[in-house]
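S.K.: Got a structure for you, questions after.
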Amino acid sequence: MSPQARAYRRAQRARYPRNWKRISRWVITRAGYRCEACGAEQGTLHPVSGSKVILGAAHLDHRPENVSPNNLRAWCQRCHLRYDHPHHPAQIRANRLARLAAAPPGGLLALMLSTAPDLGP
């Protein structure tokens, strides 16, 4: 991972409150260890995907700083991904722009090539 990518990750992580783990556990406990969207139970096999259910706390507004209880939901991986999916293209663009802004002058081409999709042979 590049130094720029590490710096970006640190900056994103810093947006979460220090007690995020405790808040996240509280959200999952509040939901009774079930996904608040589909009802899948923590630690069991998901009824649709068949993968092990691991709940996480999701921000409805996509802002880690906003830990208001009405902004947080306990969702399985599938439901969280489905909710976030429309947000992903804009986030990818924002991430790339941040990496480009942080790239050293001589490293711009290398950075662009490293983030280009692999089109195959």
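Since every read-out is calculated from the coordinates, none of them should be taken as a lab result. It should be emphasised that the depicted structure is a prediction, and the values quoted were computed from it without experimental measurement. A quick note on method: Cβ atoms are made from the backbone with ideal geometry, for glycine too, and the neighbour counts reach across all protein chains shown.
S.K.: Can you tally the net charge around Thr44? Count Lys and Arg as +1, Asp and Glu as -1, for every other residue whose Cβ sits under 14 Å from the Cβ of Thr44.
M.R.: Cβ neighbours under 14 Å give a net charge of +2.
S.K.: Using the Cβ atoms and a cut-off under 15 Å, what net charge is assigned to the surroundings of Asp61, where Lys and Arg are +1 and Asp and Glu are -1?
M.R.: That sum, taken over residues with Cβ under 15 Å, equals +1.
S.K.: Give me the number: length gained by fully extending Arg13 to Arg82, i.e. 0.36 nm times residue separation minus the C-alpha to C-alpha distance, one decimal in nm.
M.R.: That pair, Arg13 and Arg82, stretches by 22.6 nm at full extension.
S.K.: Right, something else. Mind checking the full-extension length gain between Arg25 and Ala5? Use 0.36 nm per residue of separation minus the Cα-Cα distance, one decimal, nm.
M.R.: Gain in length upon complete extension: 4.4 nm.
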